[in-house]
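Report on the following structure.
The values are calculated or read from the model by the stated rules, or taken from the named source; none is laboratory data. Please read these numbers as outputs of a predicted model, since none were measured by experiment. Here the Cβ positions follow ideal geometry from the backbone for every residue, glycine too, while neighbour counts run over all protein chains shown. To get the accessible areas, we keep the full protein, side chains included, count just its heavy atoms, and leave off ligands, DNA and RNA. Shrake-Rupley method; radii C 1.70, N 1.55, O 1.52, S 1.80 Å.
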Amino acid sequence: MATVRFHPALLHTLRRYDKATLRQDLMAGITVGIVALPLAMAFAIASGVPPQAGIFTAVIAGFLTSLLGGSKTSVSGPTGAFIVIIYGIVVKYGIANLIICTFMAGVMLVLMGLLRLGQVIKFFPMPLITGFTNGIAVLILLTQLKDFFGLPIGSMPSGFFAVVDILRHTIHQLDPLTLAVSAASLLLILLWPKTLNQKLPGPFVALVLATLTVSVFSLPLATIGSKFGGIPQGLPELHGLAFDPEHLSDLLAPAFTIALLGAIESLLCAVVADNLTGDKHDANQELIAQGIANMVVPFFGGIPATGAIARTATNINNGGKTPVSGIVHALFLLLVILIAAPLAAYIPLAVLAAILIAVAIKMGDWDIRKAAQFPKRDTLVLVVTFALTVIFDLTIAVQIGLMMAAVFFIQRMAGSTSVQELKAEHQQLYERHSIAGKRIPDGCIAYRIEGALFFGATDRVEAIANAHPEARVIILQLHRLVMLDTTGLLALSALNRHLKAQGRTLILCGAGTEVMQMLKQARLAREMGNRNIQPDLTTALQHAEEVLTAGVVWA
């Protein structure tokens, strides 16, 4: 197996770095930092951890992934996709075990990169990704309704039905003042002009205006200060990891979910960045960098991080050219902590809820017309994955969604495999493979196998044995065989033995290089006899004439 070359994108870009690029990266990095500030706090609070955990994660993960990653313009940090998973871990196992989960997920991500699994995103069909993304968006929206309406709920439960039940019983106790601030903030974010959003992000404007309004008019709303006592000013403190042997095995599944979702999100983010810039990322390098970041942030009280598509797009749209812009974004957030942390105490929770609801609305793909254009099987995968994500959890949704997608794929592959009897009117493709101008001798039947001969389609071959019992020679033409697996090889071997036991002969012809290599490696060619493996239909028919004339079975 080829080794992974550790070569961060930053090293490549610094070779031709100049002052003009630095100016662009500085402006883009500061803009992304302004966008990331409210999001980092909102994601942390929604995940059930203090707001500073989100900012520390954005600083550390944003810095490390830009320093070591395989994408020039991707920006990493806490994202909305993790909220539901993190909150569930915190409720069930506590923050200390969340930190262990994050570290374990980081190790898994590094291993994915070292094992060259950077193309893992190709194995996840888009209906599956859309299904769980929309499901996560719905759950984020539901969990933010407490702060959006100012409901008197201590903490939200983690289950869908429990959330709906508690909202149903407390919605009549909403606070009109809180609702006014959160609704106004949400409308501002959603209606903020795109032309202004590039230089002055809507979420940041909403955060500033809502904070000023609450502070100037002394409105009695819940704030970061009233709930968390504010954000500590200064550098994040280094802490050790307290492994809990009692729950370590229980944490493997959620840690794998974090790693899997982190891999999907980071690679999707890198693909989006490539599409916007025309660049090409190193997927394995990106996974290793994300893994290292997630191994480091737990030591500073951080939460899981991955590539953030919205922040990455903001970075590119504002002129970010290299990983330096991602590093600047992290340093800007660190500067905010060192200088302006006390001001965060005045930020109302209502505006953070509005920011997250806006994120949920934008992260989902709500155009149901697209589903109508999908094949019904893909639509079913989307709907089931969405429902399972909302009702149960992402781990179950991805497992069952992948299983359904795999079963449907196998069915489609099997459906595309056919065994056609060659007749005089068949005159397609190349001359040496076509029946045109050739004569099939009496006592011989020729078939063409098209598609993939694998475990889901071997019944096509099995049916040949009894289709024409009068035929003494059976020819299978393989030039249109695009894939052959072990089960397919065994089916061919079984057909050969069955025919030989009846005094009949099987001849294979037209096999491509890869298929022929498999026939030899499986010793099927030796079992059948070299003369019963022919290069094309012409030679196969000539050999069939010889067999029929001689009246013997060749081996």
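Output the residues belonging to segment 271-293 that are open to solvent by 30 Å² or more (accessible area, probe 1.4 Å) and either among the acidic types (Asp, Glu) or in contact with a Gly (Cβ under 8 Å, 6 or more places away or on another chain) (or both).
Step one: of segment 271-293, the residues open to solvent by 30 Å² or more (accessible area, probe 1.4 Å) are 271-272, 275-282, 292.
Hits for segment 271-293 are ASP279, HIS281, ASP282, ILE292.
So which of ILE368, ILE391, ILE355 ends up being β-branched (Val, Ile, Thr) and in contact with a Pro (Cβ under 9 Å, 6 or more places away or on another chain)? Only one candidate qualifies: ILE355.
Which of the following residues is in contact with a strand residue (DSSP E or B) (Cβ under 7 Å, 6 or more places away or on another chain) and open to solvent by less than 40 Å² (accessible area, probe 1.4 Å): THR143, THR130, THR79?
Exactly one residue qualifies, and that residue is THR79.
Reported count of residues in segment 188-219, each being aliphatic (A, V, I, L, M), open to solvent by 60 Å² or more (accessible area, probe 1.4 Å) and under 31 Å from the mean Cα position of the chain (by Cα), is 3.
Would you mind finding the one in GLU246, GLU237, GLU265 that is surrounded by 14 or more Cβ atoms within 10 Å (Cβ to Cβ) and of a type in the set (Asp, Glu)?
Exactly one of GLU246, GLU237, GLU265 is surrounded by 14 or more Cβ atoms within 10 Å (Cβ to Cβ) and of a type in the set (Asp, Glu), namely GLU265.
When you scan segment 144-151, do you find a residue that is under 28 Å from PHE228 (Cα atoms), within 27 Å of the chain's Cα centre (by Cα) and either part of a helix (DSSP H, G or I) or touching a residue at least 24 places away in the same chain (Cβ under 8 Å) (or both), even just one? Yes, that holds for at least one residue. Among the residues examined, VAL296 does not qualify as over 19 Å from LEU64 (Cα atoms) and surrounded by fewer than 21 Cβ atoms within 10 Å (Cβ to Cβ). Those helices (runs of 4 or more DSSP H) of segment 476-550 in which 1 or more residues are surrounded by fewer than 18 Cβ atoms within 10 Å (Cβ to Cβ), without any contact (Cβ under 8 Å) to a residue 40 or more places away in the chain and under 45 Å from the mean Cα position of the chain (by Cα) occupy 486-501, 513-521, 524-528.
Looking across segment 1-57 at every residue that is open to solvent by 30 Å² or more (accessible area, probe 1.4 Å) and among the aromatic types (Phe, Trp, Tyr), the one that is modelled with the highest pLDDT is identified as TYR17.
Kindly evaluate SER158 against the criterion of being modelled with pLDDT under 85 and either open to solvent by less than 40 Å² (accessible area, probe 1.4 Å) or part of a loop (DSSP other than H, G, I, E, B) (or both). Spelling it out, SER158 is indeed modelled with pLDDT under 85 and either open to solvent by less than 40 Å² (accessible area, probe 1.4 Å) or part of a loop (DSSP other than H, G, I, E, B) (or both).
Sort out for me the helices (runs of 4 or more DSSP H) sitting completely within segment 1-112 that have 1 or more residues that are among the acidic types (Asp, Glu).
In segment 1-112, the matching helices (runs of 4 or more DSSP H) lie at 19-46.
Condition first: closer than 18 Å to LEU261 by Cβ and part of a helix (DSSP H, G or I). Can you find one or more residues in segment 363-379 that meet it? Yes.
Here GLY118 meets each of (1) in contact with a Leu (Cβ under 7 Å, 6 or more places away or on another chain); (2) farther than 19 Å from ALA308 by Cα; (3) not hydroxyl-bearing (Ser, Thr, Tyr); (4) not in a helix (DSSP H, G or I) with one exception, condition (2).
Conditions tested, residue by residue: (1) over 16 Å from the mean Cα position of the chain (by Cα); (2) crowded, with 24+ Cβ neighbours inside 10 Å; (3) not charged (D, E, K, R).
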| site | (1), (2), (3) |
| --- | --- |
| VAL90 | yes, no, yes |
| TYR93 | yes, no, yes |
| CYS101 | yes, yes, yes |
| LEU114 | yes, no, yes |
| PHE124 | no, no, yes |
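Restricting attention to segment 58-76 and to residues that are open to solvent by 10 Å² or more (accessible area, probe 1.4 Å) and among the hydrophobic types (A, V, I, L, M, F, W, C), the residue that is farthest from ILE347 (Cα to Cα) turns out to be LEU68. Checking ASP165 against (1) open to solvent by less than 30 Å² (accessible area, probe 1.4 Å); (2) free of Cβ contacts under 8 Å to residues at least 60 places away in the same chain: exactly one of these is not met. Which one? Unmet condition: (1). Taking the condition of a type outside the set (S, T, N, Q), within 30 Å of ALA406 (Cα to Cα), open to solvent by less than 10 Å² (accessible area, probe 1.4 Å) and part of a loop (DSSP other than H, G, I, E, B), does ALA471 pass? Considered against the rule, which asks whether it is of a type outside the set (S, T, N, Q), within 30 Å of ALA406 (Cα to Cα), open to solvent by less than 10 Å² (accessible area, probe 1.4 Å) and part of a loop (DSSP other than H, G, I, E, B), ALA471 comes out as no.
Residue-level analysis places GLY437 among those that are under 21 Å from GLN420 (Cβ atoms), open to solvent by 10 Å² or more (accessible area, probe 1.4 Å), of a type outside the set (S, T, N, Q) and out of contact with any Leu (no Cβ under 7 Å at 6 or more places or on another chain).
Got at least one residue in segment 72-82 being modelled with pLDDT of 90 or more and aliphatic (A, V, I, L, M)? It would help to see each step written out before you state the result.
Going residue by residue through segment 72-82, those that are modelled with pLDDT of 90 or more are 72-79, 82.
Filter once more, keeping what is aliphatic (A, V, I, L, M): 75.
Yes, because at least one residue in segment 72-82 is modelled with pLDDT of 90 or more and aliphatic (A, V, I, L, M).
With respect to the conditions (1) at pLDDT below 95; (2) more than 30 Å from LEU196 (Cα to Cα), LEU109 lacks only one, and its number is (1).
Among the criteria (1) touching a residue at least 12 places away in the same chain (Cβ under 8 Å); (2) open to solvent by less than 80 Å² (accessible area, probe 1.4 Å); (3) at negative phi, the one ALA180 does not fulfil is (1).
Hey, does segment 487-497 have a residue that's in contact with a Phe, Trp or Tyr (Cβ under 8 Å, 6 or more places away or on another chain), closer than 22 Å to GLY415 by Cβ and among the hydroxyl-bearing types (Ser, Thr, Tyr)? Checking segment 487-497: at least one residue is in contact with a Phe, Trp or Tyr (Cβ under 8 Å, 6 or more places away or on another chain), closer than 22 Å to GLY415 by Cβ and among the hydroxyl-bearing types (Ser, Thr, Tyr). Residue under question is SER226, and the condition is that it be in a helix (DSSP H, G or I), open to solvent by 70 Å² or more (accessible area, probe 1.4 Å) and among the hydroxyl-bearing types (Ser, Thr, Tyr); does it hold? Against the criterion (in a helix (DSSP H, G or I), open to solvent by 70 Å² or more (accessible area, probe 1.4 Å) and among the hydroxyl-bearing types (Ser, Thr, Tyr)), SER226 qualifies.
Among the residues of segment 148-169, is any touching a Ser or Thr at 6+ places or on another chain (Cβ under 7 Å) and on the phi > 0 side of the Ramachandran plot? Among the residues of segment 148-169, at least one is touching a Ser or Thr at 6+ places or on another chain (Cβ under 7 Å) and on the phi > 0 side of the Ramachandran plot, which makes the answer yes. Among residues of segment 197-216 that are under 15 Å from ALA183 (Cβ atoms), those with a Cβ under 9 angstrom from a residue that is among the hydroxyl-bearing types (Ser, Thr, Tyr) and open to solvent by 50 Å² or more (accessible area, probe 1.4 Å), sequence gap 6+ or separate chain, pair up as VAL214/TYR346.
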